[in-house]
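Before any comments, here is the structure.
The values are calculated or read from the model by the stated rules, or taken from the named source; none is laboratory data. Quick caveat, the model's predicted, so the values are computed rather than measured. Ideal geometry is used to build each Cβ from the backbone, glycine not excepted, and the neighbour counts take in all protein chains shown. Just the protein is used for accessible areas: all its heavy atoms, side chains included, with ligands, DNA and RNA removed. Shrake-Rupley method; radii C 1.70, N 1.55, O 1.52, S 1.80 Å.
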Amino acid sequence: MKRRVGILISGRGSNMMALVAAARAPEFPAAIAVVISNRPAAPGLALARTAGIAALAIDHRQFASRETFDAAVEAELERRGVELVCHAGFMRIQSAAFAGRWLGRQLNIHPSLLPAFKGLAAPKQALDAGVRISGCTVHFVTPELDAGPIIAQAAVPVLPADTPETLAARILTAEHRLYPVALQLVATAKARLVAGKVVLDVGVDQGQRLLSPDADGAC
Ligand code: GRF
């Protein structure tokens, strides 16, 4: 049985589309049940619909509080039988109660090798810090921003001529490969949250593949 996944977005939705593409494979252990954007104008909504995925906006500005917005999102997720949630460029902080209820069932992708460079403009933060390697991280969502237990990471070089834009583009390519691999691990329970840490149930070869993720391969 494929696990039913809801994707939360706020913008262009390229990571969302990477998950949608991966989930088309018959052997992929998850199916995308719905895409929800807190911004009605998010370009990702149209992309999802074109790909045949149910997509809707729940505009956070229509809600008086974080809790009432989260409740509307949760009602939609439950209505569609969603078991796992993937944040893909979702720019809202959730209430601690929502994050707690979905702990171990919500993933996020961030464009840095966490715990370095949390928050906004992570590629620029990496350049400013002068690091030679950066990358991306998929982690479980906790109430603290970009601080949840790490599921998978992929590294990319930082090149001398890089600007925030060129580095972000190189990281984004790695994100598109990493996110499906991480979702696959969680959907098959090969990555599980146990006592605040991620237990990974993969062999040496599979561990190696996490360093060099490839969306088409099985983990
Ligand atoms: C990605 O870089 C992701 O890591 C970050 O926001 C960006 C979203 O891009 N959380 P997209 O909407 O998936 O194209």
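Some observations on this one:
- Selection from region 100-110 of residues that are open to solvent by less than 40 Å² (accessible area, probe 1.4 Å) and either out of contact with any Ser or Thr (no Cβ under 6 Å at 6 or more places or on another chain) or among the charged types (D, E, K, R) (or both): TRP102, GLY104, GLN106, LEU107, ASN108, ILE109
- Complete set of residues in region 146-184 that are of a type in the set (A, V, I, L, M), within 18 Å of ARG132 (Cβ to Cβ) and not in a loop (DSSP other than H, G, I, E, B): ALA154, ALA155, VAL156, LEU167, ALA168, ALA169, ILE171, ALA174
- Scanning region 74-108 for residues that are more than 28 Å from HIS176 (Cβ to Cβ) and among the acidic types (Asp, Glu) yields one hit, GLU78.
- Hits in region 110-126 - residues which are part of a helix (DSSP H, G or I) and either of a type in the set (S, T, N, Q) or not assigned by TED's automatic domain parsing to the domain that holds ASP162 (or both): GLN125
- Residue in region 174-194 that is open to solvent by 50 Å² or more (accessible area, probe 1.4 Å), of a type in the set (Asp, Glu) and either within 14 Å of the ligand (Cβ to nearest atom) or touching a Ser or Thr at 6+ places or on another chain (Cβ under 8 Å) (or both) present: no
- Any hit, region 185-197, residues being farther than 25 Å from ILE7 by Cα, assigned to a loop (DSSP other than H, G, I, E, B) and not assigned by TED's automatic domain parsing to the domain that holds GLY13: yes
- Against the test of being at pLDDT 95 or above and touching a helix residue (DSSP H, G or I) at 6+ places or on another chain (Cβ under 8 Å), the options ALA46, ALA96, ALA55 yield a single qualifying residue, ALA55.
- Within region 75-98, tally of residues that are under 12 Å from THR142 (Cβ atoms), open to solvent by less than 40 Å² (accessible area, probe 1.4 Å) and away from the ligand (no atom under 16 Å from the Cβ): 1
- Tally, over region 1-59, of residues that are away from the ligand (no atom under 16 Å from the Cβ) and either in contact (Cβ under 8 Å) with a residue 12 or more places away in the chain or buried (at least 20 other Cβ atoms within 10 Å of the Cβ) (or both): 15
- From the options PRO115, PRO123, PRO160, PRO143, residue that is of a type outside the set (Asp, Glu) and surrounded by 21 or more Cβ atoms within 10 Å (Cβ to Cβ): PRO123
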